[in-house]
Amino acid sequence: MKLTLGLALLSSPLVAACPGSDAWIHAKCSMEVTFQESCNTVMTEMVARANGDSGWVDPHNGGTYSFTSTTPTDISGTRTTGDGKYTDKYDFSFEDSNGGCKVSACSESQVNSVLDYSTNYCNLHSLYCSSADGCPTVGGDLTYTEDFNSCKQHDDVCVASAQPSKAALRGGSKAVGDAGECKPVSTKAGFDLDSYINGKWYIQEQAVTKYLPKEQNYCVYAEYSKLDKKSFWGYTIQVHNYAQEADGTPHDSGDLLVAKQTDDNDPAKLGVAPYFLPSLAAGPYWVLEYDEALGYALISGGQPDIDTGNGCKCGDGVNDSGLWIFTRSRDRDDGLVQMAREKAKAQGFDVSVLNTVDQTNCPEDM
């Protein structure tokens, strides 16, 4: 539905409304945006972009906007992702304010979701961001400030290829760089979960992720145990992660994280999430290599799909992120670590993303 804008704005109080969602657990972004320009100017520019005037293309992976309801003070509609798989609902309410404009904006996912990699934020932001942000415009730049109400993910990732890669469509930091062809990786054949979780794993090398920044590359370990019974969301494994900073500041997951096998045909594919989240929100945890006799394992956060030019990598956000080399011994065996690195390279990974974890001077009871 293409909107023809009436420029006479009514004088009425701003109403901060979200469009709603039938999904029980879903991501959203609610915020207030203050513009220096008048509401007529702001609305005109936003509508022109949503209509695709002057060849405008959504910078966040080529999504498509449409309108479901319009008034002189409100615009409601939907945005469908560039691959056509997901449609979110959005709402903008406008109020004149001292020659400028105050806008209440909200976008909500319509499917069960917890992490949206800033997609709902970008649904809104792309309609008013400026050329200084790298965004295409129609009539000109708008000057604005953003104040977030309920918008946990609002990373600066809204400018991505209009012909999106699979990685970019998932949003977040996975959209940086151009995604090329990454060959499918293979998991450990004949994987024995009971053997794998029977003992502590010390991380010798790991890629940076949002929850494991480089500053926490000290005394990192992981351990797993079977839950007494399957959880409400179907999880069967307790996950315990620990890391430190250089000054000894601890980061302990406690009993927050759980896991389950996610593929009946591939026991080496698991998903990890906080215990209170449904399993559909779990992040991939794939065991690519595992040898109990040698005492090592190679873990990835799913299928790598970002071509760096030196191989492929997963993202560095929350889900679909990370690469790890585990060993049973805390003491680093350079030969064993190098063998694991070669295994990763053989699967097409860019191993330059791996950073060394300092396993020296760690507490003895660890």
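Being crowded, with 17+ Cβ neighbours inside 10 Å and farther than 30 Å from Val111 by Cβ is true of Val357. When the range 38-59 is filtered for residues that are part of a helix (DSSP H, G or I), of a type in the set (Gly, Ala, Ser) and more than 19 Å from Thr87 (Cα to Cα), the ones remaining, listed by number, are Ala48, Ser54, Gly55. Among the residues making up the range 212-249, a single one is basic (Lys, Arg) and in contact (Cβ under 8 Å) with a residue 40 or more places away in the chain: Lys214. Restricted to the range 180-229, and to residues there that are more than 21 Å from the chain's Cα centre (by Cα) and of a type in the set (Phe, Trp, Tyr), the residue that is farthest from Asn265 (Cα to Cα) is Tyr218.
So that you can scan it fast, the table gives a plain yes or no per residue for (1) open to solvent by less than 10 Å² (accessible area, probe 1.4 Å); (2) among the aliphatic types (A, V, I, L, M); (3) in a strand (DSSP E or B); (4) within 23 Å of Glu32 (Cβ to Cβ):
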{"site": "Asn61", "(1), (2), (3), (4)": "yes, no, no, no"}
{"site": "Tyr65", "(1), (2), (3), (4)": "no, no, yes, yes"}
{"site": "Tyr90", "(1), (2), (3), (4)": "yes, no, yes, yes"}
{"site": "Asp96", "(1), (2), (3), (4)": "no, no, yes, yes"}
{"site": "Ala105", "(1), (2), (3), (4)": "yes, yes, yes, yes"}
{"site": "Asp116", "(1), (2), (3), (4)": "no, no, no, yes"}
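Cβ-Cβ distances below 6 Å connect the following pairs, each with a first residue in the range 188-210 that is modelled with pLDDT under 95, a second residue that is of a type in the set (D, E, K, R) and open to solvent by 10 Å² or more (accessible area, probe 1.4 Å), and a separation of six or more residues or different chains: Val208/Lys214; Val208/Asp316; Thr209/Asp316. All conditions but one from (1) open to solvent by 30 Å² or more (accessible area, probe 1.4 Å); (2) closer than 16 Å to Ser109 by Cβ; (3) over 21 Å from the mean Cα position of the chain (by Cα); (4) not hydrophobic (A, V, I, L, M, F, W, C) apply to Thr71; the one that does not is (2). Restricting the range 118-148 to residues that are over 17 Å from Phe35 (Cβ atoms) and of a type in the set (S, T, N, Q), which is most open to solvent (accessible area, probe 1.4 Å)? By that ranking, first place goes to Thr119. In the range 29-56, the residues that are within 26 Å of Tyr117 (Cα to Cα) reach residues that are hydroxyl-bearing (Ser, Thr, Tyr) and open to solvent by 40 Å² or more (accessible area, probe 1.4 Å) with C-beta atoms within less than 6 angstrom, at least six apart or across chains, in these pairs: Ser30/Ser150; Val33/Tyr144; Thr34/Thr145; Phe35/Tyr144.
Restricted to the range 300-311, and to residues there that are touching a strand residue (DSSP E or B) at 6+ places or on another chain (Cβ under 9 Å) and surrounded by fewer than 24 Cβ atoms within 10 Å (Cβ to Cβ), the residue that is modelled with the lowest pLDDT is Asp305. Take the conditions (1) open to solvent by 30 Å² or more (accessible area, probe 1.4 Å); (2) closer than 19 Å to Thr262 by Cα; Asn198 misses just one of them, which is (2). Among the residues of the range 299-324, those identified as in a strand (DSSP E or B) and more than 20 Å from Leu257 (Cβ to Cβ) are Ile306, Asp307, Cys312, Lys313. Determine whether Asp331 is over 30 Å from Lys230 (Cα atoms) and either more than 22 Å from the chain's Cα centre (by Cα) or surrounded by 19 or more Cβ atoms within 10 Å (Cβ to Cβ) (or both). Taking the combined requirement at face value, the residue satisfies it.
Residues that are in contact with a Gly (Cβ under 6 Å, 6 or more places away or on another chain) and open to solvent by 60 Å² or more (accessible area, probe 1.4 Å) within the range 32-59 comprise just one, Gln36. A residue that is within 23 Å of Pro213 (Cα to Cα), under 18 Å from the mean Cα position of the chain (by Cα) and not hydroxyl-bearing (Ser, Thr, Tyr) occurs nowhere in the range 287-294. Of the residues in the range 312-326, none is free of Cβ contacts under 8 Å to residues at least 24 places away in the same chain and open to solvent by 20 Å² or more (accessible area, probe 1.4 Å).
When the strands (runs of 3 or more DSSP E) confined to the range 212-260 are screened for residues that are open to solvent by less than 30 Å² (accessible area, probe 1.4 Å), those reaching at least 2 such residues are found at 218-226, 237-244.
The values are calculated or read from the model by the stated rules, or taken from the named source; none is laboratory data. Nothing here was measured: the structure is a model prediction, and the numbers come from that model. Because the Cβ atoms are built from the backbone with ideal geometry, glycine has one as well, and the counts that use them run over all protein chains shown. For the accessible areas, the whole protein counts, side chains as well, though only heavy atoms, and no ligand, DNA or RNA atoms are used. Shrake-Rupley method; radii C 1.70, N 1.55, O 1.52, S 1.80 Å.
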